[in-house]
1. Within region 116-149, how many residues turn out to be farther than 26 Å from D89 by Cα, of a type in the set (S, T, Y) and part of a loop (DSSP other than H, G, I, E, B)?
2. Consider I395 carefully, then state whether it is assigned to a helix (DSSP H, G or I) and more than 24 Å from the chain's Cα centre (by Cα).
3. For S420, state whether it is part of a helix (DSSP H, G or I), crowded, with 16+ Cβ neighbours inside 10 Å and free of Cβ contacts under 8 Å to residues at least 40 places away in the same chain.
4. Restricting region 218-269 to residues that are within 30 Å of V125 (Cα to Cα) and β-branched (V, I, T), which is surrounded by the most Cβ atoms within 10 Å (Cβ to Cβ)?
5. Against the conditions (1) at pLDDT below 95; (2) over 14 Å from I417 (Cα atoms); (3) touching a helix residue (DSSP H, G or I) at 6+ places or on another chain (Cβ under 8 Å), where does P341 fall short? Just the number, please.
6. Does region 462-484 contain any residue that is surrounded by 22 or more Cβ atoms within 10 Å (Cβ to Cβ), in contact (Cβ under 8 Å) with a residue 60 or more places away in the chain and either outside the structural domain of P551 (by TED's automatic domain parsing) or assigned to a helix (DSSP H, G or I) (or both)?
7. Collect the residues in region 48-58 that are of a type in the set (D, E) and either in a helix (DSSP H, G or I) or within 13 Å of R180 (Cβ to Cβ) (or both), keeping them in residue-number order.
8. So for region 297-314 (the condition being over 25 Å from E218 (Cβ atoms) and of a type in the set (D, E)), does at least one residue qualify?
Amino acid sequence: MSETGKNTQMMLGNAAIARGAWEAGVKVVSSYPGTPSTEISEEVVKYDEVYAEWAPNEKVASEVAIGAAISGVRAMTCMKMVGLNVASDPLYSISYAGVNGGLVFVVADDPGLYSSQNEQDTRRVARAAVVPCIEPSDSQEAKEFVRLAYEVSEQFDRPVIYRTTTRLAHSQCDVELCDRVEPEDRPYERNIQKNVMMPAMAQKRHIVVEQKMNELAEWANDCPLNRVEPGTMVLNGKKIGFITGGIPYQYVKEACPDAAVLKLGMCNPLPRRLIEDFAKTVDELYIFEELEPVIEEQVRAWGIPCIGKDRFTIQGEYSANMLREKVLGQDLHLKAAAQVPPRPPILCPGCPHRATFSVISKLRLHAAGDIGCYTLGALAPLNAVDTTICMGSSISSLHGMEKAKGHDYVKNWVAVIGDSTFMHTGINSLINMFYNQSHATVVILDNRTTGMTGHQDHPATGKTLKGEIVPAVNFPQLIRGIGIENVQEVDAFDVEKLTKVLKEETQKDELSVIIAVAPCALLKGQTHPYKVEPVPEKCVKCGACLRIGCPALTKAEDGSIMIDRTMCNGCGLCMSQCRFSALERVKA
């Protein structure tokens with residue numbers, strides 16, 4: 001309880017979004033994990049009034065939420081920004097159809113590329129899909145704006161994109177807690193003109209969509225999401241002001257607390273009258289927005305002079321120091337950060353992917369890679385992964401290589417894909433290989449979890465987001481059901497057998513699937529009863545065991561091997577590399 005008597009709690013942005021969904025009366029949430037959005041669903045599932053699930057991918061998750069909204073309840077789907085690419089097909093169509101119950105797409109952008117393969121700006125997608133986009137700037141707004149998003153969705157018959165970022169998702173502040181509202185389910189009424197997107201219906205709905213967005217743009221001029229904060233800051237004889245929103249708003253308030261600010265909580269559509277009126281109150285107008293010049297381009301198109309990307313970068317995260325340097329002209333003389341030992345990205349000790357990649361590397365195979373922990377197999381010393389594009393692309397790109405260069409070319413290649421990613425978009429790619437007569441080899445790295453985003457379950461783990469035990473998808477049965485006959489399951493740590501199977505399958509003139517199975521070393525419930533210790537008198541200091549890149553192994557000054565017992569998980573992979581029995585497994 002705060003000093004004001006209000007019930008408050010310190011919350012991360014993602015937890016606040018989940019709380020906001022609960023308070024807004026959301027009934028259905030379907031998502032696919034992806035940093036920095038993952039924790040939203042993991043927090044939502046704690047509220048018993050909300051049905052929450054992991055879907056196989058973002059397209060399916062979006063369609064589940066769309067179905068719930070059409071039936072008349074408030075629904076949400078959560079994903080990271082690249083996941084919205086996967087969900088773009090249903091997004092663009094439901095934009096035309098509109099909603100019944102409120103529908104919100106929570107999309108987490110990643111300025112700075114902390115955990116992503118690109119730095120795309122979801123506000124661009126919102127404009128292209130012709131849907132409103134709302135953006136909070138702290139955890140309190142993160143909670144409150146969810147309620148407002150549903151009000152916008154239902155009032156204007158629009159799906160709403162709710163944009164967050166890594167910094168907002170994982171920063172925290174006090175959040176005022178409120179009771180849950182229980183809006184009545186909206187009755188479903190059959191309306192094929194609205195809900196069936198055939199060309200004749202879609203033509204008419206496009207007109208309605210533009211009308212609704214025009215109404216929303218006018219509403220935005222006076223809505224509670226946007227506000228003007230008057231200021232008196234003068235710089236070089238000119239009164240300055242900022243148009244900003246989201247986390248960059250916090251930097252403006254920190255570096256230029258006395259400046260006039262137009263804070264935009266709705267970044268699509270933009271409130272033209274509000275912006276024009278604000279611009280007239282200042283002599284110099286700055287647009288301070290991370291990533292793309294979405295606001296700036298529109299402001300310039302309206303003939304309003306402003307300073308934006310000509311002063312501020314289009315890449316990466318912003319900061320208060322950027323404003324101090326670029327606007328206030330301060331030479332900060334920032335001290336160099338404390339020198340700490342480098343920590344390169346690396347697979348964990350005991351990771352089964354390291355075992356698989358050690359074999360791939362030893363056999364000098366190329367690997368078309370995918371999105372997951374195993375992307376780290378591209379780095380030294382394993383050097384096993386050649387390409388990484390997007391979820392599910394490893395299988396499809398290998399198929400493309402074979403069709404371009406012939407089967408003999410891909411006898412020196414494999415596609416590697418994780419179990420969760422295989423469920424996400426790998427199945428269709430494998431069906432395409434089978435249908436179009438590929439003869440390449442696919443390796444499914446089955447560590448029994450969605451590892452990179454924090455050990456979420458998926459359809460092949462046998463457990464739902466709510467912790468319910470359900471039948472698990474059986475990979476060998478699924479793959480044989482497609483019609484693929486060459487399917488082999490191998491223990492990922494059985495290096496000798498995995499080597500034999502990879503040699504045989506890559507040389508076949510048939511499509512092959514190898515499932516390398518071993519649980520993630522960090523998976524909850526995993527026990528590690530053994531450690532590996534060096535046998536100094538047998539060590540010839542050849543360094544062969546170091547080639548697998550396990551961080552538990554280091555070389556002493558005299559060239560001998562040392563093993564950090566606190567890191568070692570006793571997997572024994574290093575032992576398989578040693579020809580001199582200079583490593584032995586002991587009880588932990």
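The values are calculated or read from the model by the stated rules, or taken from the named source; none is laboratory data. Because the structure is predicted, anything quoted here is derived from the model rather than measured. No Cβ is skipped: glycine too gets one built from the backbone with ideal geometry, and neighbour counts run over all protein chains shown.
1. Adding up the residues that qualify gives 1.
2. no
3. no
4. It comes out as I243.
5. (3)
6. No.
7. The answer is D48, E49, E58.
8. Yes, region 297-314 contains at least one residue that is over 25 Å from E218 (Cβ atoms) and of a type in the set (D, E).
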